[in-house]
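Down below is the structure, laid out as structure tokens.
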Amino acid sequence: SEKYDFLLSSHNLEHFANPLKALFEWKRILKKNGYLIMVLPFKEKTFDHKRPVTSIEHILEDYNLNIDERDNTHFDEILNLHDLSRDPGVKNKNELTERIKNNFTNRCAHHHVFDKNLAIKIVQTAGFNIINAGIMYHNIIILAQNN
């Protein structure tokens with residue numbers, strides 16, 4: 001607890017089934033006034049562009065239900081709305097299906113889809129103060145401070 005001055009998370013929060021739980025853990029290990037630097041994919045520029053942004057209500061429900069990393073709630077949505085033309089790591093729908101079926105091992109699925117507003121809301125919900133938030137290229141970038 002309260003061991004680290006900063007935490008850099010780049011393109012991993014979307015891979016958590018319970019992102020708010022992860023943020024609370026990150027808050028716990030950061031020193032008071034420590035910094036969170038977080039980079040998330042900007043959905044409009046990724047293979048998630050056809051998927052809806054996850055609602056803050058859904059994120060809160062996952063947290064309140066203590067959803068764990070074996071959750072597959074979003075897998076049908078991913079399989080139906082994933083834009084294969086924007087994913088160089090997958091050749092076809094069958095390969096995507098196999099990858100998603102093995103998500104607990106490979107952690108490839110984007111459980112949740114973020115825009116800048118959701119990223120800000122979830123970080124604030126975890127008790128961080130937003131210092132800056134913006135979009136750069138294919139990324140949402142958040143700089144926040146632990147209270």
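A compact table of results
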| quantity | calculated |
| --- | --- |
| Output for the range 51-74, where each listed residue is touching a residue at least 60 places away in the same chain (Cβ under 8 Å), over 13 Å from the mean Cα position of the chain (by Cα) and surrounded by 15 or more Cβ atoms within 10 Å (Cβ to Cβ) | R51 |
| Some residue of the range 20-31 being surrounded by fewer than 16 Cβ atoms within 10 Å (Cβ to Cβ) and within 18 Å of V90 (Cα to Cα) | no |
| The range 1-14 residues that are touching a residue at least 12 places away in the same chain (Cβ under 8 Å) and open to solvent by less than 100 Å² (accessible area, probe 1.4 Å), paired with ones that are assigned to a loop (DSSP other than H, G, I, E, B) and aromatic (F, W, Y) (beta carbon under 8 Å, 6 or more apart) | L13/F114; E14/F114 |
| Qualifying residues in the range 92-114 (those that are among the β-branched types (V, I, T) and out of contact with any Asp or Glu (no Cβ under 8 Å at 6 or more places or on another chain)) - the one least open to solvent (accessible area, probe 1.4 Å) | I100 |
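The values are calculated or read from the model by the stated rules, or taken from the named source; none is laboratory data. Just so we're clear, the structure is a prediction, and the values are computed from it rather than from any experiment. Glycine also receives a Cβ, built like all others from the backbone with ideal geometry; neighbour counts cover every protein chain displayed. These area figures cover heavy atoms from the full protein model, side chains too; ligands, DNA and RNA do not enter into them. Shrake-Rupley method; radii C 1.70, N 1.55, O 1.52, S 1.80 Å.
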